[in-house]
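Report on one structure; see the data block that follows.
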Amino acid sequence: MLEALLWGAVAAASLLVGAALAVLRRWSDRTIGLVLAFGAGALIAGVAFELAEAGLREGGPIGTGIGLALGALAYFAADRAVERWSGRRGGGAAGVPLAMGALLDGVPEQAVLGIGLAEGGGVSLALLVAIFVSNLPEAIGSSADMLRDGRRRRSVLLLWTVVAVVCALAAVAGRAAAEASPPEFVGAVDGFAAGALLVMLVDAMIPEAREKAEDGAGLATVVGFAVAAALSLLA
């Protein structure tokens, strides 16, 4: 469990790094967009070469397919709930919806890291890099928005610390669940994480990367995919 907590903390640390970078200086939209696009490509490779492959191996096509559908529906419903709550609360409560959005992305990602440890395969370097890189621009952009809304630097850093801790604990929960569950359930969890991430990528991450990085988004996405795919195949 300590190993799962350690690797979960490493992956979640990128949220704190992103928040700290936003506090230290301002970042251009294009820079954030390029990092977002790179992270999106890395996550696509993670879904294809890590989550889907592991899900099919452990749970078979039926369990993985059910997990995919449930993960997609769960993320879609939770994301819409966050949007409605944010609209009712207005700009002054911007930090809480942003943190909830990061949790929606981070919890399934981190849980899969723990599952990988439970399966005895160690931590996937490709997935770890994908999570780390994709978290950075999300935390930078979100923290910058909160600072512009008048939030104190200390409160922004504290908010992201809480999010990072919860995400790191998700890795421990993922390992514990995998050790106590049959392979079919583990495969369904891999599929669930893949479905949630695919909806997030198409609905949020890729459109934002395109909006901020403009014509550079596509190339950065391919580079991110290539790097993560190479890491996955070399591991």
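The values are calculated or read from the model by the stated rules, or taken from the named source; none is laboratory data. Computed from a prediction, not measured in an experiment: that's the story for all the values here. Please note: Cβ atoms are built from the backbone with ideal geometry, for glycine as well, and neighbour counts cover all protein chains shown. All accessible areas refer to the heavy atoms of the entire protein, side chains included, with ligands and DNA or RNA removed. Shrake-Rupley method; radii C 1.70, N 1.55, O 1.52, S 1.80 Å.
Things to note:
- When the square roots of the Cα gyration tensor eigenvalues are ordered a ≥ b ≥ c, the ratio a/c for the range 99-235 is 1.5 or more and a/b does not exceed b/c, which makes its shape oblate.
- Expected 222 nm ellipticity per residue - DSSP helices of 4 or more, -39500 (n - 2.57), all of the chain, to 500: -29500 deg cm²/dmol
- In terms of its C-alpha gyration tensor, the range 173-214 has a prolate overall shape, because the principal axis ratio a/c (a ≥ b ≥ c, square roots of the eigenvalues) is not below 1.5 and a/b outweighs b/c.
- The chain: most fluctuating residue of VAL223, VAL202, VAL47 per GNM, C-alpha cutoff 10 Å: VAL202
- Contact order relative to length of the chain, as percent, for alpha carbon pairs under 8 angstrom and 6 or more apart: 49
- Per-residue Karplus couplings for the range 48-56, computed as 6.51 cos²θ - 1.76 cosθ + 1.60 with θ equal to phi - 60°, are listed in order as 6, 9, 10, 5, 5, 5, 5, x, 5 Hz, Gly and Pro entered as x.
- Computed in the context of the full set of protein chains, the accessible area of the chain at 1.4 Å probe radius has 68% of its extent on carbon or sulfur.
- Per residue, the accessible area of the chain comes to 47 Å², computed with a 1.4 Å probe over protein heavy atoms only.
- At R0 = 25 Å, FRET efficiency that the Cβ-Cβ distance of SER181 and THR161 yields, to 0.05: 0.25
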